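These notes concern the structure reproduced below.
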Amino acid sequence: MNDEQTDNKYRIMVVDDETILTRLYEIMLKKLGYIPVIYTDSLVALEAFREDPDKYDLIITDLTMPNMTGVELGQEISKIRSDIPIILVTGHSETATPQEIFKARIRNFIQKPFTKEMMHKAIEEELSRKNEE
């Protein structure tokens, strides 16, 4: 996969409680041609999604966060808009059950640490899957 920017401007919600990681996401996604919308609080992200669910084309969420896990966030978002692709990012020691992941309609997850190419591939897979449905 090349490093060129995409021609389209997909808006991606990123939810991670680690500020330094959200800054890296922002830089990475902008370089790939996406519009990142960053949240460091899962409850604030959920409220923003509730207010305008059509604003986002894809969600990237960390698994382990205070207040609400990425799987719980995915479940709530899926109740509002079942068609939105969700990518779950997990650390080596973090786990979620297959039932939880299925219930949250999460079809793609990335293990930390990841590369820009891995992230781009996962995003493109999810966006093309969404466009085929």
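Length gain on complete extension for the stretch residue 67 to residue 19, per 0.36 nm per residue less the alpha carbon to alpha carbon distance?
Numbers: separation 48, 0.36 × 48 = 17.28 nm, distance 1.60 nm.
Extending this stretch completely gives an extra 15.7 nm.
Taking every lysine pair in the chain that is 8 or more places apart or spans two chains, those with Cα atoms closer than 20 Å amount to 20.
How high is the relative contact order of the chain? Use alpha-carbon pairs under 8 Å, at least six apart in sequence, and give a whole percent. Each step should come with its number before you reach the end.
Details: 225 pairs, mean separation 28.8, N = 133.
Relative CO of the chain lands at 22 percent.
Name the shape class, rounded, prolate or oblate, that the alpha-carbon gyration tensor gives for the chain, where a ≥ b ≥ c are the square roots of its eigenvalues, rounded holds for a/c under 1.5, and otherwise prolate holds if a/b is larger than b/c and oblate otherwise. Show your work: numbers first, answer last.
On the way: a/c = 1.32, a/b = 1.20, b/c = 1.10.
It is rounded, given that a/c, with a ≥ b ≥ c, falls under 1.5.
Modelled label positions at residue 82 and residue 125, each set 7 Å beyond Cα in the direction of Cβ, lie 2.3 nm from each other.
To the nearest 20 debye, what charge dipole does the range 11-132 have about its Cα centre, counting +1 at the Cβ of each Lys and Arg and -1 at the Cβ of each Asp and Glu? Let's see the in-between values first.
Values: 16 positive and 21 negative charges, 65 e Å.
I would put it at about 320 debye.
So for the chain, taking the charge dipole from beta-carbon charges (+1 Lys/Arg, -1 Asp/Glu), which of 68, 86, 20 sits furthest toward the positive end? Farthest towards the positive pole: 86.
Every number in this text was worked out from the coordinates using simple rules, so none of it is lab data. The shown structure was predicted, so the numbers you read here are calculated from the model rather than taken from an experiment. Every residue, glycine as well, gets a Cβ built from its backbone with ideal geometry; the counts of neighbours run over all protein chains shown.
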